[in-house]
Amino acid sequence: MNTFSLKTKVYTGPGSLEALRNLSARSAFLVCDPFMVRSKMADLVSGPLGERGISCRVFSEVVPDPTVQAVAKGVKAIGEVLPDLVVALGGGSAIDTAKAVLKIYTGGGQARPFFVAIPTTSGTGSEVTAFSVVSDPEKAVKYPLVDEEMLPDIAILDPTLTLSVPAAVTADTGMDVFTHALEAYVSPQATDFTDALAQKAITLVCENLPQLYRDGKDECRRERLHNASCMAGIAFNEASLGLNHGMAHALGGRFHIPHGRSNALLLPDVISYNAGLMGNECPESLRARARYAELAKMLGLPAANPLAGAYNLIGTVRGLLDTLSFPKGIAGTGLGRQEFEEGLPDLSRAALEDRCTGANPVPAALEQIEAIYRRAYLGQ
């Protein structure tokens, strides 16, 4: 028996921030990073709330790849406010921080505040997922948290908030969307409902990301990519992710490569592995190969048979990475071969133990993960 649910109410399009004026609360706790305060974007939230008579405490100590230390500071701060409304404003780091803070705060016995997520990048889909990823820099690992209570009550997708996102970040986050949708589509837990969302997200990324990389001020394409991010988030929240994200979490946690970039650099070789093209053909890989071929056909690629479809999909992904000026393999990020090889055993173990890896369509052993990392390092 399968299920499909969507708790979060989603407001979309230019001007959707006006939805803040419909909220009622006594006090709010706004989670964002320091740039949101310096750029006055935080005022776009605190202003409308103030007009509603809602006091707003701003917590702006969010850091990239949210850390356990930043979350602990947030828990302390929210405990001083006891809000009935929490708003997360920013990229995945801000929304994931707010989720982790809420999980610990309510786990301590406090009533759960109403939770609003406002993404300012198009990548994580965190505004509609029960996932949060927190890093421990001292241990060089990332911890995926999963709890339905972390799902926002409202998501506001206003594309005007993404117009100033730099081209490199647009590329990284856009490929994160693509990876979310791709992994959801080949997941053993995929359903007709998640397939529809994943397929649409992949189409929107392919149709809009290259153009946005060249012209980030195209508001129409920004809206489409913002919607794609949300759709992919809903898809993987229901169908789960897989090995690509398990390996990306480990790679980013140890070597501090941005999450979307980590996903993108691993993706061609993870597809190869899942499709049974690394000497690992099995019934599970044949199923995944057929699913990849379906996506290839959807994108108008030659797919006379599943094998051809999988190969052409891989070629298209590599072409997309070239168009978006991604480095050639992990080596292209500046990570030296010796440092990579020395860290590879721990890196592979962390990927194997990652919660996402357990949902991969094709089981992977430690030595197979090491082989994928080595191929992705060279990017050939």
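The values are calculated or read from the model by the stated rules, or taken from the named source; none is laboratory data. What you see is a predicted model; the values in this text were computed from it and never measured. Virtual Cβ from ideal backbone geometry, glycine too; neighbours counted across all protein chains shown. Only protein heavy atoms, including side chains, enter the accessible area calculation; ligands, DNA and RNA are left aside. Shrake-Rupley method; radii C 1.70, N 1.55, O 1.52, S 1.80 Å.
Observations
- The range 273-284 - residue that is open to solvent by 10 Å² or more (accessible area, probe 1.4 Å) and assigned to a helix (DSSP H, G or I) and, of those, farthest from residue 317 (Cα to Cα): 283
- Residue 253 meets the conditions (1) open to solvent by less than 30 Å² (accessible area, probe 1.4 Å); (2) in a helix (DSSP H, G or I); (3) under 30 Å from residue 148 (Cα atoms); (4) touching a helix residue (DSSP H, G or I) at 6+ places or on another chain (Cβ under 6 Å) in every case but one. The failed one is (4).
- Flag if residue 82 is closer than 19 Å to residue 155 by Cβ and at pLDDT 95 or above: no
- Taking the listed residues 74, 53, the one that is assigned to a loop (DSSP other than H, G, I, E, B), more than 21 Å from residue 249 (Cα to Cα) and either more than 19 Å from the chain's Cα centre (by Cα) or not polar (S, T, N, Q) (or both) is 53, with no other qualifying.
- Residues of the range 105-145 satisfying the condition of being buried (at least 24 other Cβ atoms within 10 Å of the Cβ) and acidic (Asp, Glu): 127
- Given (1) of a type in the set (Val, Ile, Thr); (2) out of contact with any Ser or Thr (no Cβ under 6 Å at 6 or more places or on another chain); (3) open to solvent by 30 Å² or more (accessible area, probe 1.4 Å); (4) not in a loop (DSSP other than H, G, I, E, B), index of the condition residue 37 fails: (2)
- Verdict on residue 218 being buried (at least 17 other Cβ atoms within 10 Å of the Cβ) and either in contact with a Gly (Cβ under 7 Å, 6 or more places away or on another chain) or over 15 Å from residue 325 (Cβ atoms) (or both): no
Each row is one residue, and each column tells you yes or no for (1) farther than 12 Å from residue 376 by Cβ; (2) among the charged types (D, E, K, R); (3) open to solvent by 20 Å² or more (accessible area, probe 1.4 Å).
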| residue | (1), (2), (3) |
| --- | --- |
| 269 | no, yes, no |
| 315 | yes, no, yes |
| 322 | yes, yes, yes |
| 332 | no, no, yes |
| 336 | yes, no, yes |
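- So residue 82, is it surrounded by fewer than 21 Cβ atoms within 10 Å (Cβ to Cβ), among the aliphatic types (A, V, I, L, M) and in contact (Cβ under 8 Å) with a residue 24 or more places away in the chain: yes
- The residue that is nearest to residue 228 (Cα to Cα), counting only those in the range 1-34 that are outside any helix (DSSP H, G or I) and among the basic types (Lys, Arg), is 9.
- Count of residues meeting criterion [in contact with a strand residue (DSSP E or B) (Cβ under 9 Å, 6 or more places away or on another chain) and either open to solvent by 20 Å² or more (accessible area, probe 1.4 Å) or touching a residue at least 40 places away in the same chain (Cβ under 8 Å) (or both)] in the range 70-79: 5
- Some residue of the range 139-154 being assigned to a strand (DSSP E or B), of a type outside the set (A, V, I, L, M, F, W, C), more than 23 Å from residue 360 (Cβ to Cβ) and touching a His at 6+ places or on another chain (Cβ under 9 Å): no
- Of the numbered criteria (1) surrounded by fewer than 24 Cβ atoms within 10 Å (Cβ to Cβ); (2) part of a helix (DSSP H, G or I), the one residue 181 fails is (1).
- Selection status of residue 5, touching a Ser or Thr at 6+ places or on another chain (Cβ under 6 Å) and more than 21 Å from residue 104 (Cβ to Cβ): no
- Within the range 267-282, residues that are touching a residue at least 60 places away in the same chain (Cβ under 8 Å) reach partners that are of a type in the set (A, V, I, L, M) and open to solvent by 30 Å² or more (accessible area, probe 1.4 Å) with beta carbons closer than 7 Å, at six or more positions or on different chains, in the pairs 272/278; 276/286; 278/371.
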